[in-house]
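Encoded as structure tokens, the structure appears first; notes follow it.
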Amino acid sequence: MIPRKKIIAGNWKMNKTQAEARVLVEDLLRDVGRFDAAEIVLCPPFTALAAVSELLSAETNIRLGAQNLNEHASGAYTGEISAAMLKELYVRYVIIGHSERRQYYKEDNATVNRKTKAALAAEIKPIVCIGETLPEREGNTWKKVLETQLTEGLAGFAEAEVHDIVLAYEPVWAIGTGKTATPAQAEEAHQFIRTHLGKLVSPAAAERVRIQYGGSVKPENARELLNQPNIDGALVGGASLDARGFTSIIKNACAS
Ligand code: PEP
């Protein structure tokens with residue numbers, strides 16, 4: 001079995017001007033610029049991608065990610081950004097299907113599927129987000145929800161393509177709420193996702209794909225969450241906006 005290298009990504013959402021982004025990245029480069037125990041990915045807003053990309057061009061293990069892309073190659077899609085535009089800025093990862101995009105911009109599993117296809121075609125690794133809402137968790141339909149999100153979101157991909165996808169399990173009730181899934185709850189969901197992926201694609205792909213946990217990850221809970229056997233990283237929102245906090249998450253997540 002190929003060991004799964006942990007991947008810790010910071011989703012800055014609609015935060016940080018270019019000037020603020022530079023300060024944060026310079027601090028992170030100083031603290032974890034050569035950190036090798038995990039892959040580190042920063043996902044600034046589109047307007048700060050070029051500035052961050054320039055800073056990351058030096059010798060560093062920190063990678064650049066985007067928060068979204070349009071599924072079309074080019075054309076009359078006002079306000080949208082294509083995979084080629086991201087690629088030109090050395091973007092290596094892109095978040096797809098975040099619950100905020102699903103909720104506010106009505107993205108569904110079919111949209112996620114098309115965007116994932118566009119990212120893979122440009123050799124940008126998709127971080128595909130899935131997760132249930134609070135009523136779905138409490139109504140005990142969360143397994144069905146995850147199954148559908150995976151089946152529809154990943155429909156039609158070859159096994160080799162799936163290897164390049166990172167999944168992020170983000171229970172919607174834990175995002176930005178301060179409520180974290182317990183390590184046992186998160187591990188149960190990750191194990192379920194891996195098992196379903198095995199049936200959907202292949203057992204080998206299921207073993208290989210990295211599954212991040214996201215939802216109020218903080219320095220205090222990162223270690224226990226990421227010590228679970230099926231949790232291969234974290235997608236961090238609020239706590240990734242501060243260099244100190246994000247650095248301790250990265251270091252704690254990799255401490256056994
Ligand atoms: C996210 O937006 O992906 C996220 C997990 O946010 P937070 O860490 O703030 O809950």
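The values are calculated or read from the model by the stated rules, or taken from the named source; none is laboratory data. Just so it is clear, the model here is predicted, and its values are computed rather than measured. Please note: Cβ atoms are built from the backbone with ideal geometry, for glycine as well, and neighbour counts cover all protein chains shown.
A few notes on this one:
- Pick from the range 140-172, criterion within 21 Å of residue 10 (Cβ to Cβ) and of a type outside the set (Asp, Glu), ranking: nearest to the ligand (Cβ to nearest atom): 168
- Yes/no for residue 204 being farther than 23 Å from residue 29 by Cα, in contact (Cβ under 8 Å) with a residue 24 or more places away in the chain and surrounded by fewer than 17 Cβ atoms within 10 Å (Cβ to Cβ): yes
- Residues that are outside any helix (DSSP H, G or I) and of a type in the set (Ser, Thr, Tyr) were ranked within the range 173-210; the one that is farthest from the ligand (Cβ to nearest atom) is 202.
- Residue list for the range 3-33, filter: within 16 Å of the ligand (Cβ to nearest atom) and in a loop (DSSP other than H, G, I, E, B): 12, 13, 14, 15, 16
- For first residues located in the range 229-250 and at positive phi, partners that are aliphatic (A, V, I, L, M) and more than 13 Å from the ligand (Cβ to nearest atom) and lie 6+ apart or on another chain with Cβ distances below 6 Å form the pairs 233/7.
- Residue satisfying condition, being closer than 15 Å to residue 98 by Cα, buried (at least 16 other Cβ atoms within 10 Å of the Cβ) and modelled with pLDDT of 95 or more, within set 147, 170, 187, 161: 170
- Residues of the range 43-70 that are over 18 Å from the mean Cα position of the chain (by Cα) and in a loop (DSSP other than H, G, I, E, B): 56, 57, 58, 59, 60.
- For residue 213: the one exception among (1) away from the ligand (no atom under 15 Å from the Cβ); (2) in contact with an Asp or Glu (Cβ under 8 Å, 6 or more places away or on another chain): (1)
- All positions within the range 221-256 that are part of a loop (DSSP other than H, G, I, E, B) and of a type in the set (D, E, K, R): 232, 242
- Figure legend. Inter-residue proximity from the range 18-32: first residues of a type in the set (S, T, N, Q), second residues assigned to a helix (DSSP H, G or I) and at pLDDT 95 or above, beta-carbon distance below 7 Å, spacing 6+ or different chains. Indicated pairs: 18/47; 18/48; 18/51.
- Complete set of residues in the range 216-236 that are more than 11 Å from the ligand (Cβ to nearest atom) and not small (Gly, Ala, Ser): 219, 220, 223, 224, 225, 226, 227, 228, 229, 230, 231, 232
- The range 237-249, residues that are in contact with a helix residue (DSSP H, G or I) (Cβ under 6 Å, 6 or more places away or on another chain) and near the ligand (Cβ under 10 Å from one of its atoms): 239, 240, 249
- Top-ranked residue of the range 58-80 - restricted to ones that are buried (at least 18 other Cβ atoms within 10 Å of the Cβ) and among the hydrophobic types (A, V, I, L, M, F, W, C), ranked as nearest to residue 37 (Cα to Cα): 62
- Scanning the range 14-45 for residues that are under 23 Å from residue 101 (Cα atoms), surrounded by fewer than 18 Cβ atoms within 10 Å (Cβ to Cβ) and not polar (S, T, N, Q) returns a single hit, 14.
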